[in-house]
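The values are calculated or read from the model by the stated rules, or taken from the named source; none is laboratory data. These figures come from a predicted structure and were not determined experimentally. Backbone-built Cβ (ideal geometry, glycine too); neighbour counts: all protein chains shown. Side chains are part of the model used for accessible areas, which takes the heavy atoms of the whole protein and leaves out ligands, DNA and RNA. Shrake-Rupley method; radii C 1.70, N 1.55, O 1.52, S 1.80 Å.
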Amino acid sequence: MQTNFTLAQLADPDIKEADKILRACVHCGFCTATCPTYVLLGDELDSPRGRIYLIKDMLEKGRPADARTVKHIDRCLSCLSCMTTCPSGVHYMHLVDHARTHIEETYTRPPFERALRRMLGAVLPRPGLFRLALVGAMLAKPFARMLPARLGAMLRLAPSGLPSPSQSSVPRVHPAEGETRLRVALLTGCAQQVLSPQINEATIRVLTRHGCEVTVAEGAGCCGALTHHLGQEEPARAMARANIAAWSALYDGRGPDRIIVNASGCGTMVKDYGFMFRSNPEWADRAARVSAAARDISEVLSELGLKAPARTGMVVAYQSACSLQHGQKVTKEPKALLTAAGFTVKDIPEAHLCCGSAGTYNLLQPEIAAQLRDRKVANIESVAPDVIASGNIGCMTQIAGGTRIPVVHTVELLDWATGGPMPEALAGR
Ligand code: SF4
Ligand code: SF4
């Protein structure tokens, strides 16, 4: 694609990067066929190619974002299916991230929208505040029908109960069982530890059982992805810096052997810290080291090899989270581990399509998100599994809202198969 940035514009490293990405696009349109919003809405401007044109026009003219551009960029899930399909290697993720920041800096949204996005950016990354907000939402849930459509849809997503806070998120070192094979840091995250603390508990058990010393580092917290995808760049960078500083200081400044992430949306973000801080001399080296050490839990368990798994024979539908399959290109490991652990793993049709969760997307675009969820659930139910496994809390919550089949994290099944307790969601089955 030909671009027309001025030399002055290209002096900005972010515009230079956007120019490089735009020039790689050859307008072929292959990406449209696998884009969930284009598949649903059939509008070129809701396809990757259409959005790329909108972003090009906005950045080249150096103008504030307009309502049309905002509408179509907001409808993008950042699922990155287009990046998997693109034959030219267009780095759509960095382009749309840039566009979201530009929109946040130059566009004034209607007051309700502005307040909602600020509230989500402030509450979701802070487990204490998020817990309080969920308690409020649970109390208000019976009145959801009387509230404006958007608020009502958000309340319906609130769970009907909350687990007690878990010790697994408290900073400490969990020693390895037997010989220490790796010293790892675990990202305990934000929303996940409130909604499903059993995921971190299972992760710590399975890692220590496989010879890992697991550190939950003081000062580490939310990865910043939720605010990053809202275009709130400075808070996202502050969270990233806190994590980089906390992990880099471990083991007398040598850092851990691996940084383990068990929410794939967060994994994509941590693996991108190096890019995020590439132009910052104070943080670039440490950020690059953190990104190089980051692993999805399925990657590190594949590296270690599963220990004496029990045979269960249960049929698992593996739902490949977009951030894992498209964002991190981790596709084989979770299925191979589940198979090695004795489960019968079923692929689901249209596995490349997003379930509609996408960070805060199901809160901000509830109609499209609900259509995608129903399509995903129908595809999953078509293979009649006993249980659904996913590697991302967002997908788990979204899918669980549309089916009676139990939904668990992949690591819960791997922990169970190698000596841990049966996942609570499977009790009585
Ligand atoms: S990230 Fe997903 S929703 Fe956005 S343009 Fe790409 S394929 Fe479409
Ligand atoms: S597939 Fe790649 S090169 Fe083709 S239009 Fe989409 S982004 Fe551009």
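Taking the stretch 346-374 only, how many residues are buried (at least 20 other Cβ atoms within 10 Å of the Cβ) and among the basic types (K, R)?
Final tally of qualifying residues: 1.
Does the stretch 114-132 include one or more residues that are open to solvent by 30 Å² or more (accessible area, probe 1.4 Å), hydrophobic (A, V, I, L, M, F, W, C) and in contact with an Asp or Glu (Cβ under 9 Å, 6 or more places away or on another chain)?
no
Please find, among T268, T339, T331, the residue that is away from ligand 1 (no atom under 16 Å from the Cβ), under 16 Å from the mean Cα position of the chain (by Cα) and among the β-branched types (V, I, T).
Just one listed residue meets the conditions, T331.
Is the stretch 344-356 home to any residue that is under 26 Å from H91 (Cα atoms) and within 16 Å of ligand 2 (Cβ to nearest atom)?
Checking the stretch 344-356: at least one residue is under 26 Å from H91 (Cα atoms) and within 16 Å of ligand 2 (Cβ to nearest atom).
Being under 22 Å from A67 (Cβ atoms) and more than 14 Å from ligand 1 (Cβ to nearest atom) is the filter here, so list the residues in the stretch 1-55 that pass it.
Correct list: A18 only.
For N262, are the conditions met, namely being of a type in the set (S, T, N, Q) and in contact with a helix residue (DSSP H, G or I) (Cβ under 6 Å, 6 or more places away or on another chain)?
Answer is yes for this residue.
Return the residues of the stretch 86-116 that are hydrophobic (A, V, I, L, M, F, W, C) and part of a helix (DSSP H, G or I); say none if nothing qualifies. Before you say what the answer is, go through the steps one by one.
To start, the set of residues in the stretch 86-116 that are hydrophobic (A, V, I, L, M, F, W, C) comprises 86, 90, 93, 95-96, 99, 103, 112, 115-116.
Residues satisfying the conditions are M93, L95, V96, A99, I103, F112, A115, L116.
Identify the residue in the stretch 173-189 that is part of a loop (DSSP other than H, G, I, E, B) and closer than 28 Å to P127 by Cα and, among all such residues, is nearest to the chain's Cα centre (by Cα). Outline the logic, then answer.
Within the stretch 173-189, the subset part of a loop (DSSP other than H, G, I, E, B) is 175-181, 188-189.
Right, trim to closer than 28 Å to P127 by Cα and you get 175-176, 188-189.
Working: P175: 28, A176: 28, T188: 13, G189: 11 Å.
This residue is G189.
Please give the helices (runs of 4 or more DSSP H) falling wholly within the stretch 262-338 in which 1 or more residues are surrounded by 21 or more Cβ atoms within 10 Å (Cβ to Cβ) and of a type in the set (S, T, Y).
264-270, 273-276, 297-304
Return only the number of the condition from (1) within 13 Å of ligand 2 (Cβ to nearest atom); (2) not in a helix (DSSP H, G or I) that N4 does not satisfy.
It fails just one condition, (1).
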